[in-house]
Amino acid sequence: MKLAVIGAGLMGRAAVYDFGRNDNVSKIGVFDIDEQQAKDIAEKYGASKAVSGKLDAGDVEAARDIHNDYDAAVSCVTYKYNPGLTRAAIDAHCHLVDLGGNNDVVRTQLEMNDEAAAAGVVIIPDCGLAPGMVSIIAMDGYQKLTKVDSIKIRVGGLPQSARPPLNYQMVFSAEGLINEYWEPCVIIDGGKKKTVNPMTEIELLDFDGVGKLEAFYTSGGTSTLPDTFENKVNFLDYKTIRYPGHCQVFKPMLEIGLASRQPITVGDQQVEPRALLKAVLDKNLSFGGLDMVLVRVVLEGELDGENKTIVYEIIDRQDTHTGLTAMMRTTAFPAAIIASMAAGGQVDKKGCFPQELAVKSSLFLPELKKRGIHLTVK
């Protein structure tokens, strides 16, 4: 199969690495607006199967020409480009998955369902970590029980060693982090969708070998799950895991206006507070320490009339041998797996679908283990 990666950033290079080690992949295309970076990533991670080229992800016609040469593609660029890339993939009869991150964008893509089905391709948004593989894990648990009362999803990307005052380091884009901390959160409560405020409802939890942590509401992690499970479960929510005290320090910075896109006057210049916050976060929290990703999905319900709780858990630490961070592994590898499944005929659906409805967990979850991402189920 021939697979393309759009975007040669951190997640893109991890997807190229994964494709390079897949014996069923004969050709990998690596495309980025920075042509030299695409070339470097192709040579370093593509296992001699990769070619590279320049692509402005906003150029739908150019993207269509690229998609014409591949069976499936992974979009590893920021979510604003995904509707155009979806259009390009449909026109080129190429399967597409992306890392998503914005519910409005995903809805726009899902509205192209009929066109994708007519083209004989599957488009699957939000295929990273969270939103991402946690949706497939949640559906796996849902299908194991005869009745599900609640689904609680807890995910965090953290430095292995906490560094005050925020006890955090940048493991993905600052823009994405601010969105998670600032935008409304969708949960299910009483069987119905409900919006709650981000950075609220702090709870304490712990992981073996890691210690005490906190978790609080953030936006985006539930993706399409509230639509999929409305009126099917009583409660569903998503919280982000951090070291204790993080929320208490970070939230006031947003509340005083540092998440605003409305420019303010500083001296003789107009400055966007959010742009300033992003620059400060990238400068002062990108210290490159070893990272880890924590995942816990808990389902409570019944199995054949008896109360049952299923707990899925992942503790993934940075791979010092390959240099791939835990966030790169747990975000890009799931997308790469799904793209490979689509190209290999292991996704039956054609059209635009949420991954929990399109991807068979029985095929997907064993692929995580092959990549050293160990999911425990209790």
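Read-outs: derived from the displayed coordinates by stated rules, not from any lab. Computed from a predicted structure; not experimentally measured. Methodologically, a virtual Cβ is constructed for each residue, glycine included, from the backbone with ideal geometry; neighbour enumeration extends over all protein chains shown.
Just tell me which lysines come within less than 19 Å, Cα to Cα, of Lys27; anything on the same chain fewer than 8 places away is out.
Reachable lysines: Lys2, Lys39, Lys44, Lys49, Lys54.
When a/c is below 1.5 the answer is rounded, else prolate if a/b is larger than b/c, else oblate, so apply that to the stretch 90-142 with a ≥ b ≥ c taken from the square roots of the Cα gyration tensor eigenvalues.
Cα axes put the stretch 90-142 in the prolate bin.
Rounded to the nearest 5, what is the percent of antiparallel bridges among the DSSP beta bridges in the chain?
60
Give me a comma-separated list of calculated 3J(HN,Hα) values for the stretch 137-150, in order, Karplus coefficients 6.51, -1.76, 1.60 applied at θ = phi - 60°, integers in Hz, x for any Gly or Pro.
4, 4, 5, 4, x, 4, 6, 7, 10, 7, 8, 10, 8, 9
Please name whichever of Tyr142, Gly209, Gly288 sits farthest to the positive end of the charge dipole of the stretch 133-324, dipole taken about the Cα centre and charges placed at Cβ: Lys and Arg +1, Asp and Glu -1.
Gly288
Normalised by the residues of the stretch 143-291, what does the relative contact order come to in percent, with Cα pairs under 8 Å and at least six apart? Each step should come with its number before you reach the end.
On the way: 256 pairs, mean separation 45.7, N = 149.
Answer for the stretch 143-291 is 31 percent.
Would you please classify the overall shape of the chain from the alpha carbon gyration tensor, given that a ≥ b ≥ c denote the square roots of the eigenvalues, rounded means a/c under 1.5, and beyond that prolate means a/b larger than b/c while oblate covers the rest?
Note, shape of the chain comes out rounded.
If I model a spin label as a point 7 Å beyond the Cα along the Cα-Cβ vector, how far apart are those points for Leu357 and Val271 in nm?
The answer from the label model is 4.6 nm.
How far apart, in nanometres, would the label points at Lys369 and Lys232 be if each is projected 7 angstrom from Cα along the Cα-to-Cβ direction?
So the two model labels end up 2.5 nm from each other.
Add +1 for every Lys or Arg and -1 for every Asp or Glu among the other residues with Cβ under 9 Å from the Cβ of Asp149, and state the total.
-1
Give the distance, in whole Å, between the Cα centre of the stretch 303-361 and the Cα centre of the stretch 134-210.
So the two Cα centres are separated by 16 Å.
Just name one of Leu129, Leu166, Val186: the one whose Cα is farthest towards the positive end of the charge dipole of the stretch 66-204 (beta-carbon charges, Lys/Arg +1, Asp/Glu -1).
Towards the positive end, the residue furthest out is Leu166.
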